[in-house]
Amino acid sequence: MKSFKRVNLFTLLEFNGIKHTHPVVMKTNKLLLAGTIGLLLILLNQPAVQGQTEKPAITPGYSDASYSGLTDNEFLKNWLVAGPVKVSRTAGTPDDNTQKQFFEKDEFTTVAVNAKKSLTPVKIGDSTYSWQLVKSREPVVDFINLFGQRDYATAYALAEIKMDAPAKVLIGVGSDDGIKIFVNGKLVHNNWIGRGTVADDDLVVLDLQKGSNQVLVKVQNMSYGWSFTMRKIGKSIMNDLLVQSAGKGNLDNVKLLFEHGAEINYSNKLEQTAYQSAQLRGRDKVMDYLKEKGAKTDIPIPSFEKLVDNIFKDYKSGSTTGVSVLVSKNGEIVYEKGFGSADIGNNVPVTPDTKFKIGSITKQFTASAILKLREEGKLSLDDKLSKYIPDFPRGDEVTIRHLLTHTSGIHSYTNRTDNMAIAALPVTIAALIDTIKSSPYDFSPGEQYMYNNSGFVLLGYIVEKISGKNLADFLDESFFKPLGMSSTGIYKTQQILENEAYGYGYSDGKIEKAAYMDMSWPAGAGALYSTTKDLFKWNEALFNGKVLKEESLKDAFSKTMLNNGKTIDYGFGWAFGELRGLKLISHGGAVFGFLADLERQPDNKVNIIVLSNAAPPESGTDVPGAYSQLIAEYLLWPEMKAQASFDSQQQPDENILKSYTGRYNYGQGAVLIVTVEGNQLMAAMTGQPAFPIYSTGKDEFAWKVVEASIQFVRDEKGNVIKAIHHQGGQVIEAPKLEELVPVKVSSALFDNYTGKYQVPGGFTVVISRTGDQLFFQYMTLPPYELLPLSDTEYFSREINFKLNFQIDDTGKADAIKLIVDGAEMEAKRIPE
């Protein structure tokens, strides 16, 4: 997979199963969660366009990248390119403000061409850059193929378009990352964004004059992938984009596409018109606009079976990975099919009987085993961990309830820096517990919620110790055999299963076999395999009281409460949310080569199960959680609440916009910073650029770059006190943070603080100095400025934490204490 943006690659080792509880920004094909301080937005994009770029040795002229008009849907592959230009001359990672300031500054907007059609080199700063001809063999112009890997750099691409007559041409643009477009020296497009190159992400109108037109493109990279693509949007692409934009509620694009000739009643490959797409997704404003413009509103919506079939029509046995899908309502299966390949090499198709590893869906089975033992009087949820593992550090502070709810503070072993290196080797449960013991706590028990695989490994061990059986046998005898789940069990590495799916992943758009993991590592946190049919049996039995008693179910489906009274939308291996007003109880799973999603709509007695053998997936939309959401909408849309549509031309006045500005606490250190730029409200999550958000109603806004919305809540005096974030079925309440005021300190102190500090799990915090500024950097996040509250206490606007330097006898800091959401973590200085 190509071009990750600020992503912790350990995610697939985490078997993480909470749908979008840890949303992250991703450039292309990503469903990965960030680290301790990384709660970020998910950008679910289409597949990135891949390609190779050739660089001819000849000296280029302007005519080498000249086009006589533009052909519908044909990518512009020949460009004159200059660069790479460094965003910053100083060492290290430039902060977000530095990157954006460089992007906004225009060193030039046109390029001089002499009578011989040769180009004048451009001077930027104290460097001069010549133009070189690039001929791409694929739709994408890839700057890495041209310049090599260059993070935090800018390149310019130039082309001439000759027109027989003036015309306003609609083009589709994709970029990795930020992009500006100038036509004849005039800025026509400006999008500062972190993403992967996806064709037609942005729609831009080029106002081309008769004769020669100069098109200049500026593309600025943040990190990893670096490319762009451009083409004229023809009628067929325009029609598809109209249907897609209608479903997403993007009224701006719907209007633009219709004005440029998109057919309003066109039916796409999903057999949906724009009106039907908006209807299924609850986009009332888009429906009203389309109806006003003549859309037919009486065309029958395809059957539910047809709608779901069409989602997966691109999966092919023998050439793609596979997916198995089951949907039931009121106990009856209403859809059950397999698509694609269980084994690509041998052309084995996925069927409803195909067995998949299900990752963290395992957790609810381990939790149910614990609850079963409690029903038998063999344990209490308030039992201390030390009762079962006497020598476990601080084991007398941790309860079974803490382990079930990810609130123990025990460090997750899947976050260790050496995890990737050892995951292929078998491990005993005793050795795995010793590994868990060796890491310091992330926080004190009950103080914080942090998704944690260590807790469920320990729970699996407790089941074995109390029952006298291994976990596989206990689950089989207590649940699988009584429920007829004959295709479910703990995966054993040497075992050969009938109808087993092999795991794959996508890299640079190509399918590869998944990396190997010995399944002794996931244990009670993620070692199960199953089928859609077996998981249907499980959900039906569970929610109908045939697995656990009513008291146990009540506990399992109750929100977790922290020591400070704050509640978390997670129970005992189940996450809680809502989808367009309907309650949702679900969990996902991820383990090398596999992704899974198991959902229950309790009010409608609906189960949706989607299992996939592609991780990393081909794109951020090709994931079970996204499929489940779409399927749920197709099944239940008449009963669901409408969703917002957004129109950038209808925004509140400046004073109202300013009332929303401030910092909002998303938990685990993540902060959403809301600002106003001109007349546009902007929102920047920790580790992200700022994205525009658009009004959809009173105090309500939505992102265009991702299907997410935010509602600002006011108190009785009219002051904004919190934000409620909706995304992917998850609801996050984010209180508005008090604005801290920095004090003046001597920058001479900073040299006593700079250096590297190690936090639990082997990760490193870097404290650095640039002039009179002090910076903090953790993992793959960019550096953030530390602002002083005293000589030794500091904070950051971009992360919700305070940092205290612990000073030794020499006056230098030998450790730092991080306080994140009230939870403390100490990091010791690493000797130089």
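Using the Karplus equation 6.51 cos²θ - 1.76 cosθ + 1.60 (θ = phi - 60°), what ³J(HN,Hα) coupling, rounded to whole Hz, does each residue of segment 147-161 give in order, writing x for Gly and Pro?
Result, rounded to whole Hz: 10, x, 5, 9, 7, 6, 9, 10, 10, 10, 10, 10, 8, 10, 10.
Which label belongs to the value computed from this structure, given these candidates for Rg/Rh (Cα atoms, Kirkwood Rh): (1) 1.13; (2) 1.01; (3) 0.97?
Matching the structure shown: (3).
Non-local amide H neighbours of Asp151 (under 5 Å, H modeled in plane, Pro and chain starts lacking H): which ones?
Close amide H contacts, sequence-distant or interchain: none at all.
For the chain, with only Lys/Arg (+1) and Asp/Glu (-1) charged at the beta-carbon, what is the dipole magnitude about the Cα centre, in debye rounded to 20?
1040
How much of the accessible area of the chain, in percent, comes from carbon and sulfur atoms when a 1.4 Å probe is used?
47
Leaving out ligands and nucleic acids, and using a 1.4 Å probe, what accessible area per residue does the chain come to in Å²?
Heavy-atom accessible area per residue stands at 38 Å².
Name the residues whose placed amide hydrogens come within less than 5 Å of the amide hydrogen of Tyr67, ignoring near sequence neighbours (fewer than 5 apart) on the same chain.
Amide H neighbours of Tyr67, under 5 Å, 5+ apart: Glu160, Ile161, Lys162.
Residue by residue through segment 673-681, what is 3J(HN,Hα) from phi via Karplus (6.51 cos²θ - 1.76 cosθ + 1.60, θ = phi - 60°)? Round to whole Hz and write x for glycine and proline.
Result, ordered by residue: 9, 9, 9, 10, 10, x, 10, 10, 7 Hz.
List the trypsin sites (Lys or Arg not before Pro) within segment 686-734 that DSSP assigns to loop and that have no more than 13 neighbouring Cβ atoms inside 10 Å.
For trypsin sites (Lys or Arg not before Pro) across segment 686-734 that sit outside H, G, I, E and B with at most 13 neighbouring Cβ atoms in 10 Å, the list reads Lys698, Lys717.
Read phi for every residue in segment 132-140 and hand back ³J(HN,Hα) as whole Hz from Karplus 6.51 cos²θ - 1.76 cosθ + 1.60, θ = phi - 60°, with x for Gly and Pro.
Listing the rounded values in order: 10, 7, 10, 10, 7, 7, 10, x, 8 Hz.
Once label points are set 7 Å from the Cα along Cα→Cβ at both Asn604 and Ala515, what is their separation, rounded to one decimal in nm?
So the label points at Asn604 and Ala515 sit 3.8 nm apart.
State the volume of the convex hull built on the alpha-carbon positions of segment 275-415, expressed per residue in Å³ and rounded to an integer.
Value for segment 275-415: 244 Å³ per residue.
Taking amide H atoms as placed 1.01 Å from N in the peptide plane, list the residues 5 or more away in sequence, or in a different chain, whose amide H sits under 5 Å from that of Gly234.
Asn73
Please give the peptides 248-256, 275-283 ranked by average Cβ packing (other Cβ atoms within 10 Å per residue), highest first, as a rough proxy for protection.
275-283, 248-256
Students often forget the sequence filter, so: which lysines lie under 17 Å Cα-Cα from Lys123 once same-chain residues fewer than 8 apart are removed?
Lys86, Lys105, Lys218
The values are calculated or read from the model by the stated rules, or taken from the named source; none is laboratory data. As the structure is a prediction and not an experimental result, all values here were calculated from the model. All Cβ positions, even for glycine, are placed from backbone atoms using ideal geometry, and neighbour counts span all protein chains on display. When the accessible area is computed, the model is the full protein with side chains, heavy atoms only, and any ligands, DNA or RNA have been set aside. Shrake-Rupley method; radii C 1.70, N 1.55, O 1.52, S 1.80 Å.
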